[in-house]
Every structure is written in C-alpha cells, then in structure tokens.
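The next block holds one structure in the form of structure tokens; read it before the comments.
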Amino acid sequence: SLLLGAVDGIEVYSTKVNCKVTSRFAHNVVTTRAVNHANTAKEVSFDVELPKTAFITNFTLTIDGVTYPGKVKEKEVAKKQYEKAVSQGKTAGLVKASGRKLEKFTVSVNVAAGSKVTFELTYEELLKRHKGKYEMYLKVQPKQLVKHFEITVDIFEPQGISTLDAEASFITNDLLGSALTKSFSGKKGHVSFKPSLNQQRSCPTCTDSLLKGDFIITYDVNRESPANVQIVNGYFVHFFAPQGLPVVPKSVVFVIDVSGSMHGRKMEQTKDALLKILEDVKQDDYLNFILFSGDVTTWKDSLVPATPENIQEASKFVMDIQDRGMTNINDALLRGISMLNKAREEHTVPERSTSIIIMLTDGDANVGESRPEKIQENVRNAIGGKFPLYNLGFGNNLNYNFLENMALENHGLARRIYEDSDANLQLQGFYEEVANPLLTGVEVEYPQNAILDLTQNSYQHFYDGSEIVVAGRLADEDMNSFKAAVKGHGAINDLTFTEEVDMKEMEKALQERDYIFGDYIERLWAYLTIEQLLDKRKNAQGEEKENLTAQALELSLKYHFVTPLTSMVVTKPEDNENQTAIANKPGEGTRRQGEVPGTVKDPESQPLLCVFSVDGD
Amino acid sequence: PHFIIQIPEKDDAICFNIDEDPGTVLRLIQDPVTGLTVNGQIIGEKTGRSDSQTRRTYFGKLGIASAQMDFRIEVTRENITLWNGDSLSTFSWLDTVMVTQDGLSVMINRKKNMVVSFGDGVTFVVVLHQVWKKEPAHHDFLGFYVVNSRGMSAQTHGLLGQFFHPFDFQVSDVHPGSDPTKPDATMVVKNHQLTVTRGSQKDYRKDISVGRNVACWFVHNNGQGLIDGIHRDYIVPNLF
C-alpha cells in the first residue's frame with residue numbers, strides 16, 4: 001500500500017504485486033509508482049505487509065530514473081551506521097510486527113516537485129503445507145484509489161496442480177468479483193486481481209478505496225506418488241507427503257495453565273477449545289489433563305483411553321475448570337512427561353502409538369522452579385528426545401522465547417494464541433494440525449557420499465495434510481540417477497518409500513522451469529538451510545552457536561536474504577543530507593518493543609545520501 | 001485368464017484357461033490351516049465380446065487375505081489397499097514402497113509388480129501389465145505368481161492351490177493336431193484321460209514387457225479333468 005504524506009499533488013498511478021511460485025517457493029515483487037504533481041517536495045511512505053516467514057531479498061528506490069539498489073550487509077556492520085544516528089537521539093525502523101502472520105515494511109522518502117518515485121520490494125518464502133493446502137497470504141490496503149492496481153500470481157508445480165483458489169475478504173459483490181480471475185491447468189496456475197478505478201471505490205461517488213483486507217491464495221498439487229524429487233543445477237529438493245495411511249494412535253497430555261491471569265475470557269476460550277477438541281479425539285487415542293496454577297492437579301492419575309464414557313467425563317471436567325493462583329510450569333510439565341513415560345514403560349498404551357504433550361500458558365513461571373533455563377533443562381532431560389512438546393503461548397504478556405526454545409529443543413514448536421475473539425479456533429486449529437500423525441520416526445535417506453549440505457532429514461512425526469521438505473546439493477552433478485528413501489513407522493507397519501530419479505527424465509520434466517525462475521531449488525535450499533540454522537541457533541551455546549551463526553550469516557549474505565543476522569541498506573539522495581534508517585525483523589521475542597518506522601538524518605555522512613536498512617531479528 | 005502350472009520334477013508345465021463372465025470372482029488359493037486365501041476377479045476387454053470362444057479375459061482385481069493376521073490386500077489396476085483389521089492403507093502403482101510388519105512384507109515396485117511375503121514360507125508376486133492407454137481393445141490387467149508355497153499346508157486348495165501338492169501326469173501318443181505347429185497328445189492325470197495340445201504361455205515375472213515363453217501342455221475346456229471338480233466350483237461371491 002502507499003500512504004501519501006500529502007494527498008494533494010501526489011498521484012499513485014501503479015501498484016503491482018507480482019508473485020511467482022515454483023515448487024512451493026514464492027518470489028514476490030511489490031512495486032508502487034507515484035508522481036509528485038505538487039510544486040513542493042512531498043513525503044511519501046511505502047508500506048508493505050509481508051509474512052513473518054518471508055525473507056526480504058531486495059528493496060530498491062528509483063527516483064527520476066535513477067535506481068538505488070539495496071545491499072545486504074552483516075547486521076552489525078549496518079547497525080554501526082544506524083547506531084550513530086540513534087546515539088543522536090533519533091530512532092528509525094523499517095519493519096515491525098503486524099498482527100498474527102505479518103510484519104510491516106515501511107519506508108518514507110521525500111519526493112521533489114515534479115519527480116517520480118518507484119518503490120520495489122522483493123521477498124521470498126517457502127510455502128508450507130497445512131491441512132492439505134499451501135497458502136499464500138497477501139495484505140491489500142492501498143490508501144487511495146490506484147489507476148493500475150494489480151496482483152498477479154503465477155504458480156508452476158511440476159507435480160501438477162490439483163486445486164487452486166483465491167479469496168479476498170473485501171470482495172463482497174459481483175462487480176469486484178469480475179476483477180478476479182483464477183485458472184489452472186496441468187503444471188501451471190494463474191491468479192489475477194485487477195480492479196478498475198471504479199471497482200476500487202467504496203461507493204460510486206467515493207474517493208476512498210474498498211480494497212482493504214486479506215487476499216489469500218490456496219492450492220495443492222497432485223499426489224499420484226507420495227514423494228517428488230526435483231533437481232536443477234546440482235541442487236535437489238525432495239517433497240514427501242504420503243496419503244492413504246491410517247492415523248497412528250496418540251497419547252496426548254494437555255498441560256493447561258489455570259492461574260489467575262487466565263481469568264475471564266482466556267479461560268472461557270480455552271474451555272471452549274478443549275471441549276471442541278474432545279469431540280475430535282479418536283477412540284484409539286489416550287489422553288489426560290494436567291492443570292497448573294501454584295500447584296498441579298490431574299484429571300486422572302494416568303492416561304485413559306478416549307472411550308465415549310471417558311470423553312463425556314473429560315468434558316465435564318473441562319467445564320468445571322476454575323482459574324486460581326500462580327504459575328508452576330516446571331512441575332506441571334514434569335508431571336505430564338512422567339505420565340507419558342510411565343504409560344509407555346508399563347505398556348498401558350498401544351506399542352504403535354505416539355506421545356504428544358501440549359502446554360497452554362499465558363505467563364511466566366513464578367512458583368516452584370521459575371528459572372527458565374532450569375525448567376528447560378529439566379524438561380529436556382525428562383523427555384529425552386522421545387516425543388515432542390508443543391507450547392501454546394496465550395496473549396502477549398509472556399516469555400515467548402522461553403516457550404519457543406523449550407519446544408524447539410524437544411522436537412516440537414511454539415505457537416502464539418492471540419487474544420482475539422477466535423482464540424478458541426486458533427487452539428483447535430493447532431490441535432487439528434497435530435491430531436493426525438501418519439508416520440513417526442521419519443528418516444529421509446540418500447546414497448552415502450552422493451549428497452552434501454542436507455537440510456533436516458529426520459522428523460518425529462509426519463502429520464496428515466503437511467509435507468516434509470528436504471533439500472541438498474549433489475556431490476556429483478553428472479550422476480545418472482538419484483535414489484531417495486523415506487523410512488517411517490506407521491500405525492500398523494513400518495514403511496520405506498523409495499524414489500528413484502532418472503536425471504535425463506528430470507531434465508525433460510523441468511524444461512519449463514524457465515517459466516518461473518531458474519535457480520529456485522538453490523534458493524529454496526538456502527532459505528530452508530538458513531531457517532533451520534536459525535532455529536538450531538536459538539538453543540545453541542558457545543562455539544556451536546558461533547558456528548551456526550557464521551553458517552547462517554554466510555548464506556544470508558550470499559543469497560541476499562534479510563534475516564536476523566543481516567541488514568539491507570539502500571541509499572538515495574535526500575535533502576542534501578545523509579539519512580539513516582533501520583528495520584529489525586520483529587521476531588516473537590519477549591515483550592519486544594515495536595520498532596518505529598521513520599527516517600533519521602545523519603549530518604556526518606556524505607551529502608545527498610539516505611541510508612535505509614532492513615533486517616530481521 | 002490363463003493358468004500355468006510348472007512341474008519342476010518333470011521339467012514341464014501344464015496350462016489351461018478359465019473362461020468366465022467379467023465380474024466373476026475365482027478362488028485361486030485357500031489354505032484352511034494358515035488362513036491364507038487368494039481370489040481374483042475377472043475383467044474382459046474394452047470391447048466386450050460375448051462369444052466365449054473368442055473373448056479374452058484377465059484378472060483385474062486380486063484379493064489376498066490372511067485370516068490369522070486379520071490382514072487383507074486388495075490389488076486393482078490402479079491401487080493397492082492394505083487392511084489391518086479396520087485400519088486402511090492405500091498405495092498407488094506409482095509408489096515404490098516396502099511395508100513391513102511382524103510376519104509380513106509387501107514390496108510395491110512402481111508400475112511393475114508387488115511382492116507379498118508371509119514369513120519365510122509364502123511369497124506371491126502380482127505383476128501389473130500396462131497397455132497403451134489408447135489401445136482400443138485391451139485394459140491394464142494383473143498377473144499373479146506363486147513364488148514360494150513351502151509354508152502352505154497340505155490342505156491348500158483352489159484353482160492354483162490344489163497344484164501346490166505333488167501330482168503326477170503322463171503324456172503319450174503325441175500326434176499332429178488341427179494346428180500343424182501345435183501337436184496334440186493324450187494326458188493321463190488325476191485318473192482322467194485328456195486330449196491336450198502342446199503350446200506355450202508367457203511368464204512375465206522377470207521381463208514385464210516381453211515375458212519368457214513357457215512350453216506347456218494345454219488342457220482344454222476350462223481345465224476340465226485337470227482341476228478337481230469343474231471350474232464353476234471355484235466361483236466365489238466376493239473378493240474376500
């Protein structure tokens with residue numbers, strides 16, 4: 001979107017969002033062009049909301065035909081410029097958190113009278129499969145009517161596209177609906193949204209835009225075979241998503257924070273979600289509830305099967321939950337872990353079943369062991385890598401980094417539950433994602449010495465509707481064939497899926513890859529590698545952390561990704577003064593202060609230069 | 001479908017056809033001791049010829065079941081479905097996957113074959129015969145081979161199963177038949193005297209496209225006299 005500092009005189013004549021997706025890897029370019037028709041300079045801000053999972057790869061400003069490209073630098077190097085400005089009492093930031101899924105990139109520049117400006121932001125992300133679909137999320141919010149407004153999405157999937165849909169929350173009538181086209185055939189899919197000026201008006205005589213909301217594209221690919229391997233220029237990616245397997249029974253312990261801070265709406269939403277989840281629990285599953293405040297209580301002493309009678313009793317238990325007291329995370333988690341371990345040791349749950357522990361909390365531990373590092377250590381030792389821990393952080397007032405670190409080091413993940421009206425749906429949604437494990441102990445194997453720089457290739461679970469993605473580099477680009485095997489434990493059997501790729505056939509199959517962009521597998525590999533290195537780094541210490549940081553930094557710089565380790569610097573002429581701005585990619589950190597977008601003047605720098613910096617933290 | 005019974009002791013083979021209406025299910029193997037059964041459902045050609053003398057029929061669906069393990073496999077020309085009790089796993093002929101559990105392994109080789117082994121004593125191979133999609137007359141069809149039947153009991157029966165036990169036959173009086181390239185002869189088997197014709201059938205286990213010719217004595221009239229009873233005795237209502 002383009003926010004005009006002054007409406008009068010500034011015309012935004014074009015905003016284009018161009019997305020090219022190749023094998024789930026999305027390359028998005030947002031371009032806005034404006035002209036200052038006024039007699040004086042005007043400030044123009046360029047706002048783009050992009051997914052938190054995306055890495056910005058470029059930002060350029062073009063003023064009167066002169067382009068000022070972005071340069072990705074090591075964060076500390078870029079920050080020195082920035083800190084000099086900050087030390088003079090000025091702050092600036094280009095990216096800040098924006099809602100659940102997005103972060104906002106904002107740049108302001110002064111545009112001289114009669115001058116044209118073009119903003120172009122590029123970002124890339126790997127679309128992840130949830131509940132059987134890949135989702136691309138775009139936020140649309142132009143601040144005025146735009147003569148040429150266009151979103152185009154081209155999707156190329158070598159496996160073939162099975163479904164494609166595009167929905168916009170603001171498309172409410174047939175008139176605007178006609179601006180949206182979507183089509184797919186074979187390997188190619190296309191979505192275009194091109195509303196005319198009249199279609200953009202909120203009413204026939206209005207000058208404000210009704211384009212305000214979410215634009216979501218969802219699609220999936222054909223899955224004639226459970227796996228698909230693609231190889232281009234010596235890099236490969238292996239997608240694995242088998243279908244038609246029975247669900248592995250699970251033993252699940254819900255560890256629920258019922259401390260005083262959960263009082264009211266949070267508690268009600270939690271109870272609503274748990275009641276709904278209980279309706280979805282399968283008969284083969286085992287479950288229990290552990291409630292914690294200052295002390296820890298359990299519904300049952302041990303895990304019980306999800307018989308209709310037990311589910312009925314569990315529902316009654318959930319309805320009667322009352323909030324009270326303080327927060328004892330340590331003892332609650334240890335109780336849950338011990339319960340799962342004991343059930344396994346005593347064979348009271350099926351041999352071929354999997355264990356999951358899900359904790360929901362809205363605050364920091366303040367009773368019993370309250371040191372986060374010590375809790376992490378206790379939990380890590382108790383679980384011993386045997387099953388995943390999922391942490392759901394409710395609300396903003398909590399140490400999310402702690403929850404995330406703890407989940408990551410126990411093969412799980414953390415998720416924020418936002419205190420909105422649909423918090424119960426968020427909880428249910430999370431449960432649905434992990435409710436249907438089809439395989440456990442998944443190992444993806446390749447011929448020894450044939451591959452290098454492999455991304456994560458072992459997973460505790462494969463969940464129905466998701467996808468395992470492994471990428472790497474071939475040691476010998478001239479090899480004729482390539483074999484991959486995926487081993488896992490199913491509900492009843494052990495399975496080994498084998499995928500053999502004939503390089504010549506692969507070449508033919510991917511001939512159309514130029515349709516999108518040629519080096520997508522290499523960039524996908526780099527993206528995935530950086531993402532995983534950054535995750536590992538969160539729990540690493542000392543030399544290991546340094547090594548992980550160095551590897552991630554090297555790749556970020558090489559592939560021009562703005563990650564938490566790098567910053568992007570853009571220079572442009574500005575008011576005969578040097579200006580500096582920086583943006584920290586806002587992570588899910590603890591009580592993070594939002595960065596303030598803006599520009600900072602740095603009188604000591606070279607004249608006619610403005611330095612913007614974009615980075616991720 | 002055609003049946004080939006190889007008799008290694010005699011270094012020879014006997015073959016016969018079973019001609020029945022498409023949709024008919026035939027019992028191929030039934031072992032009351034191990035609980036293993038194999039049934040096959042017949043399909044015809046795309047252009048169904050009703051004349052039983054000229055029409056060709058094949059197996060389009062196979063059902064392999066182990067009552068003891070509460071395990072079933074349904075093989076069609078598109079999919080392979082495994083049931084463990086009520087739990088269902090579905091694979092396609094595009095998969096290459098090995099499924100293992102106690103006492104059982106199923107190996108699906110993409111677009112080629114499926115090897116099912118029950119312990120060390122029983123191994124079956126199902127071959128997928130794919131034809132050109134636009135071929136006007138023929139469908140894809142399935143071939144079924146018993147590679148190892150050591151683990152089957154002496155009570156095993158069925159169109160194939162009855163031949164797992166040693167049996168003897170004698171061939172004499174080889175003389176020219178109606179086709180000069182295929183001599184007729186007299187076969188004495190199971191106390192029957194039959195007129196048989198020397199011919200050959202294909203074994204596709206190793207070479208799925210060309211196959212290997214197996215010379216055999218062809219028993220006419222749906223194997224009458226060779227098989228116990230008549231072929232209609234082997235018709236069953238369902239695949240399982």
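The values are calculated or read from the model by the stated rules, or taken from the named source; none is laboratory data. Just so we're clear, the structure is a prediction, and the values are computed from it rather than from any experiment. Don't worry about glycine lacking a Cβ; one is built from the backbone with ideal geometry, like all the others, and counts go over all protein chains shown.
What are the residues in region A:168-202 that are closer than 30 Å to residue A:227 by Cβ, part of a strand (DSSP E or B) and touching a strand residue (DSSP E or B) at 6+ places or on another chain (Cβ under 7 Å), if any?
So in region A:168-202, the residues closer than 30 Å to residue A:227 by Cβ come out as A:182-191.
Narrowing the set further to residues that are part of a strand (DSSP E or B) leaves A:182-185, A:188-191.
Hits for region A:168-202 are A:182, A:183, A:184, A:188, A:189, A:190, A:191.
Those residues that are over 30 Å from residue A:352 (Cβ atoms) and either away from chain B (no Cβ under 13 Å) or in contact (Cβ under 8 Å) with a residue 24 or more places away in the chain (or both), I need them from region A:482-504; list them, please. Selection gives A:482, A:501, A:503, A:504.
Being within 25 Å of residue A:331 (Cβ to Cβ) and within 14 Å of chain B (Cβ to nearest Cβ) is the filter here, so list the residues in region A:238-272 that pass it. Of everything in region A:238-272, nothing turns out to be within 25 Å of residue A:331 (Cβ to Cβ) and within 14 Å of chain B (Cβ to nearest Cβ). In region B:94-106, the qualifying residues are those that are assigned to a loop (DSSP other than H, G, I, E, B) and not hydrophobic (A, V, I, L, M, F, W, C), and the one that is farthest from the other protein chains (Cβ to nearest Cβ) is B:103. The numbered conditions (1) touching an Asp or Glu at 6+ places or on another chain (Cβ under 7 Å); (2) within 16 Å of residue B:7 (Cβ to Cβ) are all true for residue B:152 except (2). Scanning region B:59-79 for residues that are part of a loop (DSSP other than H, G, I, E, B) and free of Cβ contacts under 8 Å to residues at least 60 places away in the same chain returns B:67, B:68, B:69, B:70, B:78. When the residues of region A:210-224 are filtered to those that are surrounded by 22 or more Cβ atoms within 10 Å (Cβ to Cβ) and not aliphatic (A, V, I, L, M), the one that is nearest to the other protein chains (Cβ to nearest Cβ) is A:219. For residue B:125, are the conditions met, namely being more than 14 Å from chain A (Cβ to nearest Cβ) and surrounded by fewer than 18 Cβ atoms within 10 Å (Cβ to Cβ)? Answer is no for this residue.
Looking only at residues in region B:59-79 that are hydrophobic (A, V, I, L, M, F, W, C) and within 24 Å of residue A:226 (Cα to Cα), the one that is nearest to the other protein chains (Cβ to nearest Cβ) is B:71.
Step by step: first the residues of region A:225-234, then only those that are touching a helix residue (DSSP H, G or I) at 6+ places or on another chain (Cβ under 9 Å) and at negative phi, then the one that is nearest to the other protein chains (Cβ to nearest Cβ). Which residue is that?
A:229
Of all positions in region A:454-470, none carries a residue that is over 23 Å from the mean Cα position of the chain (by Cα), more than 23 Å from residue A:393 (Cα to Cα) and either surrounded by 20 or more Cβ atoms within 10 Å (Cβ to Cβ) or at pLDDT below 95 (or both). Here residue B:131 does not qualify as among the β-branched types (Val, Ile, Thr) and outside any loop (DSSP other than H, G, I, E, B).
Within region A:265-307, the residues that satisfy the criterion of being without any contact (Cβ under 8 Å) to a residue 24 or more places away in the chain and in a loop (DSSP other than H, G, I, E, B) are A:299, A:300, A:301.
Can you find even one residue in region A:263-275 that is in contact with a Ser or Thr (Cβ under 8 Å, 6 or more places away or on another chain) and surrounded by 22 or more Cβ atoms within 10 Å (Cβ to Cβ)? Give the derivation first.
Initial filter on region A:263-275 (in contact with a Ser or Thr (Cβ under 8 Å, 6 or more places away or on another chain)): A:275.
If we keep only those that are surrounded by 22 or more Cβ atoms within 10 Å (Cβ to Cβ) as well, we get none.
The answer is no; no qualifying residue exists.
Among the residues of region A:142-188, those that are in contact (Cβ under 8 Å) with a residue 40 or more places away in the chain and small (Gly, Ala, Ser) comprise A:160, A:162, A:166, A:168, A:169. Out of region A:11-29, which residues are assigned to a strand (DSSP E or B) and small (Gly, Ala, Ser)? A:14, A:26 - these are the residues of region A:11-29 that are assigned to a strand (DSSP E or B) and small (Gly, Ala, Ser). Annotation: of all residues in region B:107-122 being more than 12 Å from chain A (Cβ to nearest Cβ) and part of a strand (DSSP E or B), the one that is farthest from residue B:152 (Cα to Cα) is B:113. In region A:165-188, the qualifying residues are those that are buried (at least 17 other Cβ atoms within 10 Å of the Cβ) and of a type in the set (Lys, Arg), and the one that is nearest to residue A:154 (Cα to Cα) is A:188. Listed by first and then second residue, the pairs with beta-carbon distance under 6 Å, at least 6 apart or on different chains, first residue in region B:80-93 and more than 7 Å from chain A (Cβ to nearest Cβ), second buried (at least 18 other Cβ atoms within 10 Å of the Cβ) and not aliphatic (A, V, I, L, M), are B:80/B:91; B:81/B:74; B:82/B:89; B:83/B:72.
Scanning for something modelled with pLDDT of 95 or more and under 30 Å from residue B:83 (Cα atoms), does region A:253-271 turn up at least one residue? Taking every residue of region A:253-271 in turn, at least one turns out to be modelled with pLDDT of 95 or more and under 30 Å from residue B:83 (Cα atoms).
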